[in-house]
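The values are calculated or read from the model by the stated rules, or taken from the named source; none is laboratory data. Quantities reported herein were computed from a predicted structural model and do not represent experimental measurements. Methodologically, a virtual Cβ is constructed for each residue, glycine included, from the backbone with ideal geometry; neighbour enumeration extends over all protein chains shown. Surface accessibility is based on the protein's heavy atoms, side chains included, excluding ligands, DNA and RNA. Shrake-Rupley method; radii C 1.70, N 1.55, O 1.52, S 1.80 Å.
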Amino acid sequence: MSFWEELKNKEAVVMYGMGDGAEKILRVLESKGVSVSDFFASDGFVRGQSFLGKRVKTLSEIRQSYPSFAIVSAFGSSLPDVMALFDALDKTDDLYIPDVSPCGGELFDDAFVSAHREEIASARSLLSDSRSREVFDAMIAYRLSGRLSDLKQSECDLGEVWESVLRQEDAVFVDAGAYRGDTAAEFIARRKAETIIAIEPDARSFQKCEAYLSSCGVAYEAHHAAAWEQDGVLTFAAKGSRASARSQNGKTVEVAARSIDSILGGRTVDYIKYDTEGAEKEALLGSAETIRACAPDLCVSLYHKSEDLFALPLLIKSIQPEYRMYLRRFPYIPAWDLNLYCVKR
């Protein structure tokens with residue numbers, strides 16, 4: 001039984017956090033027949049604000065109000081001090097940390113696992129080392145349990161990926177979903193970079209990325225576009241953040257869509273990273289010719305949609321059967337920063 005069902009049996013359910021993430025999780029809870037009694041925030045953030053008509057409380061007020069309660073977290077972070085707060089809360093309280101897909105789609109629950117059991121098993125069989133299979137299993141356990149202990153079982157060391165998984169001769173890097181250049185900076189620090197080809201759809205992030213690339217002393221191309229299956233135009237939310245998405249309510253902006261194959265025009269590359277906010281499938285299909293021709297190292301985000309965990313490894317294997325695949329996840333709450341690395345040995 002997944003934790004979504006367990007929550008029905010709790011005397012009270014309270015939510016830690018507010019905002020868009022909280023509203024998304026509330027919709028799932030409502031669909032499961034679970035009501036939230038109150039909202040609270042860390043002591044330093046409680047300043048008399050309200051959320052959805054309820055005054056936001058401190059944790060001490062929650063403890064005074066409810067003799068028994070479960071906490072559902074509604075925000076994410078990779079900051080060490082915030083993660084330490086979660087560790088402390090997990091030791092003292094009944095804490096659940098939901099993993100709701102950032103880009104929508106199906107919920108990863110018991111019914112989802114049952115419906116995709118064969119695909120899940122097939123994707124697991126593609127993984128090339130025991131640590132990858134441990135991370136895969138921990139991800140499924142965590143998504144069903146909501147428990148921090150299961151989530152922490154999947155944590156890995158980023159340095160190990162660069163030193164032991166990826167090839168050492170990477171020089172030409174395609175950064176699909178370049179954001180503000182943070183991954184490009186990491187590549188430059190880890191490898192003898194020859195050329196960076198950055199693709200970023202959000203206008204403000206693109207400007208910051210291009211400013212960084214122009215100052216880093218490495219040859220570069222910067223494309224203000226969304227990595228996609230083919231060239232065209234897409235409509236994005238004008239949010240100026242990592243979460244800019246193709247289909248959200250509110251102000252939107254049209255952005256060019258480019259396939260990586262079109263941008264490269266047959267050129268050889270060494271490494272491609274895909275962090276395209278739920279469009280990883282389309283970006284992969286748009287680089288299929290390149291993957292078949294030169295089998296660059298790949299880093300593919302697997303956390304934006306529930307099915308990414310199995311659907312994207314299976315897709316990549318159909319494009320380039322010679323890849324070895326490694327699954328790693330780096331410290332983040334909830335289960336974000338989950339990446340599949342593909343290397344031709």
Can you work out the accessible area per residue across the chain, with the rest of the protein chains kept in place, probe 1.4 Å, in square angstrom? 44 Å²
Of [x] 1.17; [y] 0.98; [z] 1.03, which one was derived for Cα Rg over 2.2 N^0.38 Å from the structure shown? [z]
Assuming R0 = 56 Å, can you tell me the calculated FRET efficiency for the pair S215 and A293, based on Cβ-Cβ distance, to the nearest 0.05? 0.95
Charges at C-beta only: +1 for Lys and Arg, -1 for Asp and Glu. How large is the resulting dipole of the chain about its Cα centre, in Debye rounded to 20? 340 debye
How far apart, in nm, are two points set 7 Å out from the Cα along the Cα-to-Cβ line at K32 and at E186? 3.0 nm
At 0.36 nm per residue, minus the direct Cα-Cα distance, what do D43 and S130 gain on full extension? Give it in nm, one decimal, please. 27.2 nm
In the full protein assembly as shown, how much of Y96 is accessible to a 1.4 Å probe, in Å² to the nearest 10? 0 Å²
For the chain, with +1 on Lys and Arg beta carbons and -1 on Asp and Glu, the positive-most of A70, P80, C216 along the dipole: A70
Using the beta-carbon distance between S65 and R147 and R0 = 25 Å, what value does 1/(1 + (r/R0)^6) give for FRET efficiency, to the nearest 0.05? 0.55
Given pairs K54/K305; K192/K344; K24/K251 and cut-off 25 Å on Cα-Cα distance, the over-length ones are K54/K305
So, in Å, what gap is there between the alpha-carbon centers of the stretch 31-46 and the stretch 148-225? 36 Å
Please label the shape of the stretch 242-345 as rounded, prolate or oblate, based on the square roots a ≥ b ≥ c of the eigenvalues of the alpha-carbon gyration tensor (a/c under 1.5 means rounded; beyond that, a/b larger than b/c means prolate, else oblate). oblate
Once normalised by the length of the chain, the mean sequence separation of its alpha carbon contacts under 8 Å that are 6 or more apart gives a contact order in percent of 17 percent
Nearest-20 debye value, the stretch 46-188 charge dipole, Cβ charges on Lys, Arg, Asp, Glu: 840 debye
Based only on the alpha carbon positions, what is the Kirkwood hydrodynamic radius of the stretch 8-82, in angstrom? 12.9 Å
Quick one: Cα centre-to-centre distance for the stretch 266-313 and the stretch 60-110, in angstrom? 31 Å
Measure of compaction for the stretch 38-137 (Cα Rg per 2.2 N^0.38 Å): 1.44
With Kirkwood's inverse mean 1/r over C-alpha pairs for Rh, give me the Rg to Rh ratio of the stretch 132-212, two decimals please. 1.11
For K91, go through the lysines and keep the ones whose alpha-carbon is under 25 Å away, minus same-chain ones fewer than eight residues off. K8, K10, K57, K152
